[in-house]
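Participant: Just dropping this structure here.
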Amino acid sequence: MVRTGPRPPSRLRLYRPPEPRPQFHCLFPRGLGQAASLTRTPRRITAVPESQRPRDSQKTRRAILDAAARLLARDGFQRFGISAVAREAGVDKVLIYRYFGGAEDLLRALASEGGLFPALDQLLPAGLSGSPRALARHALLEYARWLRRHPYALALFRWELLESNHLTAALAACREDFARSLLARLPVDPSIDLPALAAILAAGVTLLALRTDAHSMFCSIPLDEEAGWRRIEEALTLLVNSVIPDR
């Protein structure tokens with residue numbers, strides 16, 4: 001019998017070669033391989049030598065340090081990291097790794113050159129001469145004045161009272177190194193426990209500076225006025241003169 005109607009569709013399907021899989025290796029620098037290599041442990045990136053950095057590297061470095069200081073002052077240590085600093089600074093995080101090496105290294109650089117600590121020569125210039133009493137008095141008064149001019153440093157003290165992690169430990173180690181270097185410049189008689197004395201006086205100054213914003217009065221002294229801080233400095237001078245000999 002001959003069919004006169006339309007032919008039924010064939011069950012055979014035309015062969016279509018598979019589409020080529022996209023290659024991702026072209027999206028990454030040579031040496032990283034394809035996308036699967038992203039799951040591997042990244043290599044540590046060390047700081048680029050000064051001579052190999054671009055001409056604007058110092059400007060970029062300064063911008064990164066400023067961004068890190070703002071981030072710490074605003075958000076504290078828990079949110080501090082390379083990615084967060086990169087967003088704050090508006091740079092690629094690879095630059096931060098290249099310039100500083102990691103979060104703790106960035107924090108140490110911030111402590112030494114980012115305004116979190118004063119420079120030794122700001123408190124006690126190496127060429128400054130005078131009696132042990134005069135040098136100690138100069139260092140303490142300059143520290144009090146420096147604190148009042150650096151709100152980021154005060155904000156950092158506040159966060160350290162609230163948080164504790166490997167970053168706060170790294171910063172505390174930097175502060176201890178700074179204190180040892182400063183005290184080494186004071187030729188005080190070994191019979192005087194200079195570290196204990198410095199700890200008490202510096203802690204008192206730091207607390208008063210911390211309270212300046214939140215509370216304008218402390219023991220009836222207006223901390224938001226220059227007259228109040230002149231009284232504080234006179235009291236500090238009296239304390240130093242009473243415990244440290246003049247020669």
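The values are calculated or read from the model by the stated rules, or taken from the named source; none is laboratory data. Only a predicted model underlies this, so the values are computations on that prediction, with no experimental measurement involved. Here the Cβ is made from the backbone with ideal geometry for all residues, glycine too, and neighbour counts use every protein chain on show.
Participant: Would you mind listing the helices (runs of 4 or more DSSP H) fully within the range 72-156 where at least 1 residues are under 27 Å from SER242 (Cα atoms)?
Facilitator: Details: elements: 82-89, 93-100, 103-113, 120-123, 132-149.
Once the helices (runs of 4 or more DSSP H) in the range 72-156 are filtered for at least 1 residues that are under 27 Å from SER242 (Cα atoms), what remains is 120-123, 132-149.
Participant: To continue, here is another question. Kindly indicate whether GLU226 is farther than 22 Å from TYR152 by Cα and either hydroxyl-bearing (Ser, Thr, Tyr) or in the same structural domain as ALA155 (by TED's automatic domain parsing) (or both). Talk me through it step by step, then tell me what you get.
Facilitator: Numbers: farther than 22 Å from TYR152 by Cα: no; either hydroxyl-bearing (Ser, Thr, Tyr) or in the same structural domain as ALA155 (by TED's automatic domain parsing) (or both): yes.
No: the conditions fail for GLU226.
Participant: Okay, moving on. Residues in the range 206-233 that are part of a helix (DSSP H, G or I) and either aromatic (Phe, Trp, Tyr) or within 14 Å of ALA136 (Cα to Cα) (or both): how many?
Facilitator: 2
Participant: I'm trying to understand the selection: among the residues of the range 201-214, which are without any contact (Cβ under 8 Å) to a residue 24 or more places away in the chain and surrounded by 11 or more Cβ atoms within 10 Å (Cβ to Cβ)? Give the steps one after another, and end with the answer.
Facilitator: Our first condition is that a residue be without any contact (Cβ under 8 Å) to a residue 24 or more places away in the chain; within the range 201-214, this holds for 203-204, 207, 211, 214.
GLY204, LEU207, ARG211 - these are the residues of the range 201-214 that are without any contact (Cβ under 8 Å) to a residue 24 or more places away in the chain and surrounded by 11 or more Cβ atoms within 10 Å (Cβ to Cβ).
So that you can scan it fast, the table gives a plain yes or no per residue for (1) surrounded by 19 or more Cβ atoms within 10 Å (Cβ to Cβ); (2) more than 16 Å from the chain's Cα centre (by Cα); (3) of a type in the set (A, V, I, L, M); (4) within 21 Å of ALA196 (Cβ to Cβ):
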site	(1), (2), (3), (4)
GLU113	no, no, no, no
PRO125	no, yes, no, no
SER129	no, yes, no, no
ALA134	no, yes, yes, yes
ARG148	no, yes, no, no
LEU162	no, yes, yes, no
ALA169	no, no, yes, no
